Amino acid sequence: MARRGSQAPPPPPDFEENIIDVDVSEEMRGSYLEYAYSVIYQRALPDARDGLKPVQRRILYSMNEMGLRPDRGHVKCARVVGEVMGKLHPHGDSAIYDAMVRMAQPWAMRMPLVDGHGNFGSLGGDDLPAAMRYTEARLSRAAMLMVTSIDEDTVDFRPNYDGQETEPEVLPAAFPNLLVNGASGIAVGMATNMAPHNLGEVIAAARHLIDHPEATLDDLMRFVPGPDLPTGGKIVGLEGVRDAYERGRGTFRTRATTSIENVTPRRKGIVVSELPYAVGPERVKAKIKELVNAKKIQGIADLKDLTDRNVGLRLVIEIKNGFNPEAVLADLYRLTPMEETFGINNVALVDGQPRTLGLRDMLHVYVDHRIDVVRRRSLHRRRKREDRLHLVEGLLVALLNIDEVIQVIRQSDDASQAKQRLMQIFELSEIQAQYILDTPLRRLTRYDRLELEKEKEQLAKEIAKLTAILESEKKLRGVVSKELGEVAAEFATPRRTILLEQSGHAATAAVPLEVADDPCTALLSSTGLLARTHGADPLPDSGPRTAHDVLISVVPTTARAQVGAVTSLGRLIRVDVLDLPTLPPSATPPSLAGGAPVTEYVDLEPDETVIGITALDDAGGGLALGTAQGVVKRVVPDFPANRDDFEVIGLKEGDRVVGAVQLLSDDQHLVFITSDAQLLHYAASNVRPQGRLAGGMAGVKLGADARVLWFGALDPDREARVITVSGSSSALPGTQTGAIKLADFADFPAKGRATGGVRAHRFLKGEDVLLQAWAAPTPLRAAAANGRPATLNAPLGRRDGSGERLDKPIAAISGPIGRAPEDDPDAQDEPTDEE
């Protein structure tokens, strides 16, 4: 180094000056474009095929390579981050750990891909996750679907950042992760924000697109009516959802799930059990306190956070006496994050280019990806089996000529000569000859020959099957659809988010005069969901099956009227029709997938259930009730106008209401089905109407230890079926599925009131009681306990015949309730229910 004040040493004699003039604007433009390209393609945007950003894909791939599967123990997150950063991701450890944390948060991902141990943060980011040295993780069961068959040449691999390792360009992704878990990211000049969806609904839409490639958006929205957010809540206004599904961009409002309860003996309060997506309780509490201190919101006495791991989220907002809780709730929705706007911007990479995708586009890209994965996997498996078949055929040649093979080997000078002579004498390939030489003598027994012949036959069958799949586009798509169905059967969960076309809440209906009192229909599903339709049009009884389409009560009414919810304890609770969510036009009636649980509108005792809804006027034949002890009652529709909760039958001790139905006319027949397989029906005119507090009259004569299983009303001139499921009274609850039988209702003669009826089911050995029973007009609809359509494949039998074994439990059966016989279309006796 030169001393201070001295001149710099002269350049060497061979030095040549090479100065390049670069325009600053051109350099900045080129550098910025390179940076923008890197952010867009390598960091911020997900691939439309597997729905993953590069860092997420590298985390899942590395964890799979490390063997961190669900059946193995957790390891430190720092170890995973180090593995990903050292081999695949040339960025900071914080970016990797942040992505890993998000994939482990059940409130951020509809199906978490990482199973974490430790503190992974809290809802809304109110609390930061612990450092990576404290937390542990492994792959979740859902993540295994993302990497399944990755070792079967299903996807392309590329070199990592330094060329010493390889990484997959995309994961096989056995479920549509982009739609199920959504995505968010900010790139340069563009951003993406995708909402999570329900796995079962998305797979159903994907399978429909596989079977019908020309399906329209309306066809797909029958399966995917809207997002299904991990935190539940409600989506208010579906116009923006349809815009997003059509054009890739749209907005909707997410609203907290609330209920108004008596939080103290003298004070009501608003209980918040679910918050909008990505909103934490700390943010809500801080905003409410700010508004109260600024006196921008009135009527709040106290705010308590009772959230814990047992009850989940529970914010209790106590209301001062003299204030209307509904009005306060309306202000909370308007002024706090209890109602937020979610903007959908479906930007993802397709063939390496960022594109804005609608619902059909995203499903189409995913289906094409899965078809390519299954095709490549089938080619790989066929190639492996062909290679194995080639070896087996060579070994069989050696076994058939074992003496000559041994003689050839013994007479050869070395292994190379033995291989060449085997190839020449027995016309074997080099691979076959080498395999014969490597095979131990203990494998050359007669038993092994039989095993090899059996293996050869099996390999030939598998090769033929794989060849048939590869040569038929229809079979290939069928395999993809079948595998998606298996994923849905194992991993699908019920919808968490309620879809409301408009507000659907009493708080926003504080001025009901603004709403036209138009005719509509109130619906109650077998799963306890309430909703109302747009108009009074008849409900269709045909078309594709959807979840929650088995209806137990259908009541014609008007938008500003009230209906009564009848409970098993004989109470009638008023419910404002205006408060019920309106089914979206895209939903397939009579599905109540967008409905709300009846418990949001009525307060029930621990052992009390809602068994039906009824109109509160004197239309038709009034309300008919049947109890477990065989009592029948017709109620005079003269209910007190100043009470929202009152009794409609005086029950004896230990008795319960098992059926409540609004009669269309006196000509309908009341039907009882008892646990000892007796069926009785007679005209409703045989039961005189009684006052509200009366205890009813004898409806059916019960045998010893018998009780009424089902009560309802049928039109005697309308085709109907009686469905009974038998079993053993000594079996433990939930341990038997029973034997099911269908019979024609016309085969059962009418009897007088308070008689024993006729036998409806013959018990086989080991059976002594009916477990379930229904009577419904055709066509029938069956559902499981979660509301999913169930297959009802029992043949039509004799009136007193025995049943056939029930494959899967059935929780509810109904027919086209609320239709006049002359409106019924031609219906088959035994419809085919889709899963």
Among the numbered conditions (1) buried (at least 22 other Cβ atoms within 10 Å of the Cβ); (2) in contact with a strand residue (DSSP E or B) (Cβ under 7 Å, 6 or more places away or on another chain), tell me where ASN160 comes up short. (1)
May I ask you to verify whether ASP151 is without any contact (Cβ under 8 Å) to a residue 40 or more places away in the chain and not small (Gly, Ala, Ser)? yes
Quick check: anything in segment 155-168 without any contact (Cβ under 8 Å) to a residue 24 or more places away in the chain, among the charged types (D, E, K, R) and in a helix (DSSP H, G or I)? no
State all residues of segment 381-411 that are part of a helix (DSSP H, G or I) and either in contact with a Cys (Cβ under 8 Å, 6 or more places away or on another chain) or among the polar types (S, T, N, Q) (or both); if no residue qualifies, say none. GLN407, GLN411
Might you let me know whether segment 286-300 holds any residue that is in contact with a helix residue (DSSP H, G or I) (Cβ under 6 Å, 6 or more places away or on another chain) and assigned to a strand (DSSP E or B)? yes
Touching a residue at least 24 places away in the same chain (Cβ under 8 Å) and either out of contact with any Leu (no Cβ under 7 Å at 6 or more places or on another chain) or surrounded by 12 or more Cβ atoms within 10 Å (Cβ to Cβ) (or both), is that true of LYS456? yes
Residues ALA706, ALA743: which one is part of a strand (DSSP E or B), assigned by TED's automatic domain parsing to the domain that holds SER814 and either free of Cβ contacts under 8 Å to residues at least 60 places away in the same chain or under 34 Å from the mean Cα position of the chain (by Cα) (or both)? ALA743
Here's a check for you: in segment 85-104, which residue that is at pLDDT below 95 and not in a helix (DSSP H, G or I) is surrounded by the most Cβ atoms within 10 Å (Cβ to Cβ)? HIS89
Going by the conditions given, is PHE252 under 19 Å from the mean Cα position of the chain (by Cα) and among the aromatic types (Phe, Trp, Tyr)? no
Among the residues of segment 653-701, which ones are over 27 Å from ALA760 (Cα atoms) and within 42 Å of the chain's Cα centre (by Cα)? GLU653
Residue list for segment 386-426, restricted to those being more than 60 Å from the chain's Cα centre (by Cα) and under 22 Å from GLU451 (Cα atoms): ASP403, GLU404, VAL405, ILE406
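Can you say whether GLU152 is closer than 21 Å to MET63 by Cα and not assigned by TED's automatic domain parsing to the domain that holds LEU379, as far as the supplied structure shows?
yes
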Just checking, does segment 244-267 include any residue being farther than 17 Å from ARG334 by Cβ, out of contact with any strand residue (DSSP E or B) (no Cβ under 8 Å at 6 or more places or on another chain) and part of a loop (DSSP other than H, G, I, E, B)? yes
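In this structure, is ASN345 polar (S, T, N, Q), farther than 28 Å from GLN105 by Cα and either surrounded by fewer than 21 Cβ atoms within 10 Å (Cβ to Cβ) or in the same structural domain as ARG102 (by TED's automatic domain parsing) (or both)? Step through it out loud before you land on a result.
Details: polar (S, T, N, Q): yes; farther than 28 Å from GLN105 by Cα: no; either surrounded by fewer than 21 Cβ atoms within 10 Å (Cβ to Cβ) or in the same structural domain as ARG102 (by TED's automatic domain parsing) (or both): yes.
Against the criterion (polar (S, T, N, Q), farther than 28 Å from GLN105 by Cα and either surrounded by fewer than 21 Cβ atoms within 10 Å (Cβ to Cβ) or in the same structural domain as ARG102 (by TED's automatic domain parsing) (or both)), ASN345 does not qualify.
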Complete set of residues in segment 333-352 that are closer than 21 Å to GLU274 by Cβ and out of contact with any helix residue (DSSP H, G or I) (no Cβ under 7 Å at 6 or more places or on another chain): ARG334, GLU340, THR341, PHE342, GLY343
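Let's see how each residue does on (1) crowded, with 23+ Cβ neighbours inside 10 Å; (2) farther than 28 Å from LEU806 by Cβ; (3) small (Gly, Ala, Ser):
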site	(1), (2), (3)
ALA628	no, no, yes
GLU647	no, yes, no
ASP676	no, no, no
ASN686	no, yes, no
ALA706	no, no, yes
GLU719	no, no, no
Considering only residues that are part of a helix (DSSP H, G or I) and either crowded, with 19+ Cβ neighbours inside 10 Å or at pLDDT 90 or above (or both), which ones fall in segment 301-329? PRO325, VAL328, LEU329
Subset of segment 180-194 (residues that are of a type outside the set (S, T, N, Q), over 12 Å from VAL347 (Cα atoms) and within 25 Å of the chain's Cα centre (by Cα)): VAL180
With the requirement that a residue be within 27 Å of VAL202 (Cβ to Cβ), out of contact with any Lys or Arg (no Cβ under 7 Å at 6 or more places or on another chain) and of a type in the set (Val, Ile, Thr), what does segment 129-181 give you? VAL147, THR148, ILE150, VAL155
Can LEU651 be described as assigned to a strand (DSSP E or B) and among the aliphatic types (A, V, I, L, M)? no
From the residues in segment 65-84 that are among the acidic types (Asp, Glu) and in a helix (DSSP H, G or I), which one is nearest to the chain's Cα centre (by Cα)? GLU65
Search result, residues across segment 356-373 that are crowded, with 16+ Cβ neighbours inside 10 Å and not β-branched (Val, Ile, Thr): LEU357, GLY358, LEU359, ARG360, ASP361, MET362, LEU363, HIS364, TYR366, HIS369, ARG370, ASP372
Looking at (1) surrounded by fewer than 20 Cβ atoms within 10 Å (Cβ to Cβ); (2) on the phi < 0 side of the Ramachandran plot; (3) free of Cβ contacts under 8 Å to residues at least 40 places away in the same chain, which is the only condition ASP351 fails? (2)
Pair list, Cβ under 8 Å, 6 or more apart: segment 746-763 residue over 17 Å from SER685 (Cα atoms) and in the same structural domain as SER728 (by TED's automatic domain parsing), other residue of a type in the set (D, E, K, R) and not in a loop (DSSP other than H, G, I, E, B): HIS761/LYS741
Here the qualifying pairs (Cβ atoms under 7 Å; residues six or more apart or on different chains; first in segment 482-496 and not assigned by TED's automatic domain parsing to the domain that holds PRO789; second exposed (fewer than 12 other Cβ atoms within 10 Å of the Cβ)) come out as none
Which residue, of LEU332, LEU391, is more than 30 Å from ALA286 (Cα to Cα) and crowded, with 16+ Cβ neighbours inside 10 Å? LEU391
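The values are calculated or read from the model by the stated rules, or taken from the named source; none is laboratory data. The shown structure was predicted, so the numbers you read here are calculated from the model rather than taken from an experiment. Reconstructed Cβ throughout: ideal geometry from the backbone, glycine too, with neighbour counts over all protein chains shown.
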